[in-house]
Protein chains: 2
Amino acid sequence: MIVQKYGGTSVGSPERIKNVVRRVAKYNALGHQIIVVVSAMSGETNRLIGLAKEMQAQPDPRELDMVVSTGEQVTVGLVSMGLMQEGLKAKSYTGAQVKIITDSAFTKARILSIDEQNIRADLANGYVVVVAGFQGIDKEGNITTLGRGGSDTTGVAIAAALHADECQIYTDVDGVYTTDPRVVPEARRLKTITFEEMLEMASLGSKVLQIRAVEFAGKYKVKLRVLSSFEEEGDGTLITFEEDEKMEQAIISGIAFNRDEAKITVRGVPDKPGIAYQILGPISEANVDVDMIIQNVGVDGSTDFSFTVHRNEFDKAMDILKNQVQNHIGARNVVGDNKTAKVSVVGVGMRSHVGIASKMFRTLAEEGINIQMISTSEIKISVVIDEKYLELAVRVLHKAFDLDLDQEPA
Amino acid sequence: MIVQKYGGTSVGSPERIKNVVRRVAKYNALGHQIIVVVSAMSGETNRLIGLAKEMQAQPDPRELDMVVSTGEQVTVGLVSMGLMQEGLKAKSYTGAQVKIITDSAFTKARILSIDEQNIRADLANGYVVVVAGFQGIDKEGNITTLGRGGSDTTGVAIAAALHADECQIYTDVDGVYTTDPRVVPEARRLKTITFEEMLEMASLGSKVLQIRAVEFAGKYKVKLRVLSSFEEEGDGTLITFEEDEKMEQAIISGIAFNRDEAKITVRGVPDKPGIAYQILGPISEANVDVDMIIQNVGVDGSTDFSFTVHRNEFDKAMDILKNQVQNHIGARNVVGDNKTAKVSVVGVGMRSHVGIASKMFRTLAEEGINIQMISTSEIKISVVIDEKYLELAVRVLHKAFDLDLDQEPA
């Protein structure tokens, strides 16, 4: 049993949907049971959001989900029709019809449960089941969406619920690369990558897979494979649970980056318990996602607290801090910069190797790139830099860590 | 409490939706509780059907409903957003969310029940409720559509379920006319028309309202009004239950017609019980709607059986008759003509007036128009003629029955 998820570009036109249909038919002929999860046709979601914005300056989230969720609903119907035209039995489902129950956080809902009974019955009866990605319903029956890229999450969640053998994510790239090939032409495809690395790569902006999908896959041990929907051959990149021997050879798997990072610093914060919560609580209540968080050792009972948010939420976050937080906690002031970018080196190998950080910092220093913030985890080191140096930083790090070399890096 | 139904042209663009919003806001300011029922934006349903046909030569009905029903879903979200932008409280519902339960006749489903509890609660809380027309779900949770024009039916059905004071159908015409003004420029708007007349007018092709909507309205005594969505003023045409005095003065309310009529005759049918069923049973099972049915007195134990169908279903009906019916019942042959049209004179006044039929037939004869079939009811007389004479027939009948005169005809 295979779940195949196709993104918006893969189903962007009737002709492209026919390619998807042929691929599904091929797998079906091999005796696999197949669940197809699809996104909206490329451009459709933006078209719908555009209409919404013509009606309401800040579209109501519930109504926006009502409108936007139609994109996938159209695709599932079209894919089913295409499969029937090829002589297969097919049946489409909206998120509501599968009963993909989510919370009520419109436009960024989280899946709570999936009722896989209908799908299982259809598969047993020889149907290819086609499910709308990106959407669900809350307990009151309101239509919700999982946020951009949520179709990946739908695919993995369904694979988990059905204990599918593999969840294949078809996209417009043929796998996970050592970095974005548009920035570094020498970037190479990884045959395998661990879940942990993938999590770091995805969250740091590689954009091949939505981070929540990877989390889901890791949590439920779903075998995940990223493949190109435009190439007939190729095994893509398999996302594995175990670190095999080969991985130990490569210290760094890739260079991830994120252009859309904005940094905010609350200066002169009293260095006492509860301050971090008092700063980030209101931010979180406003549904602003926070990425890096940095707080250094305080001096004279006062410290600076910094964090990064998505650039689109910079104004909102600054507004909250200046008007609700600053005086309340007795901070000196709030400063920010939305012209920053984040670059990270990622690799499970760095656990057992020293010197990765110093090599990274030296490489950047040699190019005159100032590091504004640093954050580390077990398998990655991230730095915030001026966005104008982003491409340069990625290229020099890719080279410094030998990712350009024509060997199997992971 | 008022139900306002807006058709595809009325919500054809964000600008037009804003007009709808302003009208709803105006009624809301007067203290009315309002339920808005909307169609898909004009052109959208055809766009979706076009996509479907690119995928499958004969789109699967279940999948077609899945795809096409998104049209209204987009509109309800946009209308709600527009209302909120104007400061009103608004909430949208799909057919499934209202629980408009239908049978499973995809693409032409019939409403079985409506659960109005959620709507009632929202109205009590000050919301304008916006409901997707044209759609429902069957008992298995499959999305169904009511067929073209089904949004009218949704509007009336909701008005009936909620015991609304009036169901206003906004369309691109400002009421019901004595005949189509595009054919007869002298056609005039009727201030009132009876349900019976409206039923005959609608089914015979006036196309202002879907016939099922009028049936529903009559059955549940819903006060129905047809209005223009493009004019600020005007009372449109009220569809009444009672024949008042004025109606007695006018014998004929209007001339209805239908271009899309195809006639079929089964010749040499044995004149014995059960034959009509044996002919129409298979037609009905294939979901082909039959309009006029004519069977004359038989001669020598044999008769001819004629009926009309929509032109689009002519080939399908002919095929069924030739391959399944003709030999089975021992008929001589099956002949048909899809270049025909139907013209009818309609009016409750004709009950008490003689000579309407002869006046109609004489008027047509004077223009050399041959009558191919005749069918009558209490309040209408219909004839099938060669389609090339259609406009001529409508014009001369409109004049012959004094409908051109500048007096209140109904």
- [ ] Considering only segment A:342-390, state which residues are in contact with a Gly (Cβ under 9 Å, 6 or more places away or on another chain) and outside any helix (DSSP H, G or I).
- [x] A:K342, A:S344, A:V345, A:V346, A:G347, A:H353, A:I379, A:K380
- [ ] Given the conditions (1) of a type in the set (A, V, I, L, M, F, W, C); (2) closer than 18 Å to A:V3 by Cα; (3) crowded, with 24+ Cβ neighbours inside 10 Å, report the number of the one that A:A124 does not fulfil.
- [x] (3)
Task: Count of segment A:92-109 residues which are touching a residue at least 24 places away in the same chain (Cβ under 8 Å) and assigned to a helix (DSSP H, G or I) - done: 3
Task: Hits in segment A:297-329 (condition: of a type in the set (A, V, I, L, M) and outside any helix (DSSP H, G or I)) - done: A:V297, A:V299, A:V309
- [ ] Take A:I369 and decide whether it is of a type outside the set (K, R) and more than 24 Å from A:I275 (Cα to Cα).
- [x] yes
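Restricting to segment B:173-195, what's the tally of residues that are in contact (Cβ under 8 Å) with a residue 60 or more places away in the chain and either farther than 20 Å from B:Y27 by Cα or under 15 Å from the mean Cα position of the chain (by Cα) (or both)?
So the first thing to find is which residues in segment B:173-195 are in contact (Cβ under 8 Å) with a residue 60 or more places away in the chain, and the list is B:174-180, B:183-184, B:186-188, B:190-194.
The next check asks that each one be either farther than 20 Å from B:Y27 by Cα or under 15 Å from the mean Cα position of the chain (by Cα) (or both); those that pass are B:175-180, B:183-184, B:186-188, B:190-194.
Qualifying residue count, segment B:173-195: 16.
Conditions (1) modelled with pLDDT under 80; (2) outside the structural domain of B:Y389 (by TED's automatic domain parsing), marked per residue:
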{"site": "B:L224", "(1), (2)": "no, yes"}
{"site": "B:L227", "(1), (2)": "no, yes"}
{"site": "B:E243", "(1), (2)": "yes, yes"}
{"site": "B:D271", "(1), (2)": "no, no"}
{"site": "B:I275", "(1), (2)": "no, no"}
- [ ] Check segment B:290-299 and report whether any residue there is touching a helix residue (DSSP H, G or I) at 6+ places or on another chain (Cβ under 7 Å), of a type in the set (V, I, T) and farther than 27 Å from B:R395 by Cβ.
- [x] yes
TODO: Please go through segment B:130-173 and pick out each residue that is of a type in the set (D, E, K, R) and surrounded by 20 or more Cβ atoms within 10 Å (Cβ to Cβ).
DONE: B:D152
Task: Test result for A:V334, assigned to a loop (DSSP other than H, G, I, E, B) and assigned by TED's automatic domain parsing to the domain that holds A:E387 - done: no
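Does segment B:30-39 include one or more residues that are within 20 Å of B:N142 (Cα to Cα) and either outside the structural domain of B:D138 (by TED's automatic domain parsing) or in contact with an Asp or Glu (Cβ under 9 Å, 6 or more places away or on another chain) (or both)?
First, the residues of segment B:30-39 that are within 20 Å of B:N142 (Cα to Cα): B:39.
Filter once more, keeping what is either outside the structural domain of B:D138 (by TED's automatic domain parsing) or in contact with an Asp or Glu (Cβ under 9 Å, 6 or more places away or on another chain) (or both): B:39.
Checking segment B:30-39: at least one residue is within 20 Å of B:N142 (Cα to Cα) and either outside the structural domain of B:D138 (by TED's automatic domain parsing) or in contact with an Asp or Glu (Cβ under 9 Å, 6 or more places away or on another chain) (or both).
Got a sec? Which helices (runs of 4 or more DSSP H) wholly within segment A:34-91 have at least 1 residues that are more than 10 Å from chain B (Cβ to nearest Cβ) and of a type in the set (A, V, I, L, M, F, W, C)? Walk me through how you get there before you give the answer.
On the way: elements: A:44-55, A:61-68, A:70-85.
So the answer is A:44-55.
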Open item on the list: For the structure I just gave you, tell me whether B:K18 is within 8 Å of chain A (Cβ to nearest Cβ) and part of a helix (DSSP H, G or I).
Closed with: yes
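The values are calculated or read from the model by the stated rules, or taken from the named source; none is laboratory data. Source: prediction; values computed, not measured. No Cβ is skipped: glycine too gets one built from the backbone with ideal geometry, and neighbour counts run over all protein chains shown.
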